[in-house]
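The values are calculated or read from the model by the stated rules, or taken from the named source; none is laboratory data. Values in this document were obtained by computation on a predicted structure and should not be read as measured data. Using ideal geometry, Cβ is built from the backbone for each residue, glycine included, and neighbour counts are taken over all protein chains shown.
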Amino acid sequence: MKILNNKVLILPDGHFNSDGIFEIFDDFEPAKHFSILGTILALPERLVFHGKELAELRKNRNPVTQKRIQHLMAESLEFDNDMGGCEIGDKVAFRFINHVSLMEEGSWLDFYQMGKALLVDFDQLYMRIDKEGHSHMLNGWIMVEPIEYSLEELEELGGGFVVSKKDVRKPGIGIVRMIGTPNRGYSDGSKEGHDVQIGDKVMFRHSNNVSIEWAYHKVLNEGKYAFYRMQRKDILIIS
């Protein structure tokens, strides 16, 4: 099977229909109960990133170049990285919202006995789990365990941030638990941020507190804590 550039064919794991004891009523917000793991059935021949051409076009914006920019953005991955060793048969992690949106758009192939496989953009993948069960981050993503902190700790880290006493997670502090290979570039022209190491305490923007999976169905890291995903460029301070 030949897959278009940047697309990955994934057979998602089954939905969360029960917690082992009780059946889950999922008529309301069903996406929260969609799987975030799936098995790779096919990979693209290559990954396409148009960062350099986009950067040149943005220097002289006009109606013509803007149309070209929009066309290239649609063709290009968001991140300039490689496939991270992905192989057919590996498990990969992606956001549950990708699962429901692809189903609604009809971006799937029906394999009947196997089920519906999704055509996912490669830059929507966060992690691969190889056949030995080892996890590897993809597309430069970092997994951070969010932690609570006091105003005093916030001032020690960075200071100058206004934090609501009702929400001690703004702007956000966490511990780096997993890291991927740095990106070579971003399609919007952003530069890669400073490198981080596993175990670093970091401060990040509140808008980057994106959880990979709904808290009720934590399947990554044996459900020990929720993962937030972000890029190195999203890190404000490293401690």
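Determine whether Ile88 is more than 24 Å from Arg232 (Cα to Cα) and assigned by TED's automatic domain parsing to the domain that holds Val120.
It is true that Ile88 is more than 24 Å from Arg232 (Cα to Cα) and assigned by TED's automatic domain parsing to the domain that holds Val120.
Pick from Lys170, Lys131: which is surrounded by fewer than 18 Cβ atoms within 10 Å (Cβ to Cβ), in contact with an Asp or Glu (Cβ under 9 Å, 6 or more places away or on another chain) and at pLDDT below 90?
Criteria check complete, one pass: Lys131.
So for the range 190-200 (the condition being modelled with pLDDT of 90 or more, assigned to a loop (DSSP other than H, G, I, E, B), touching a Pro at 6+ places or on another chain (Cβ under 6 Å) and not hydrophobic (A, V, I, L, M, F, W, C)), does at least one residue qualify?
Yes, the range 190-200 contains at least one residue that is modelled with pLDDT of 90 or more, assigned to a loop (DSSP other than H, G, I, E, B), touching a Pro at 6+ places or on another chain (Cβ under 6 Å) and not hydrophobic (A, V, I, L, M, F, W, C).
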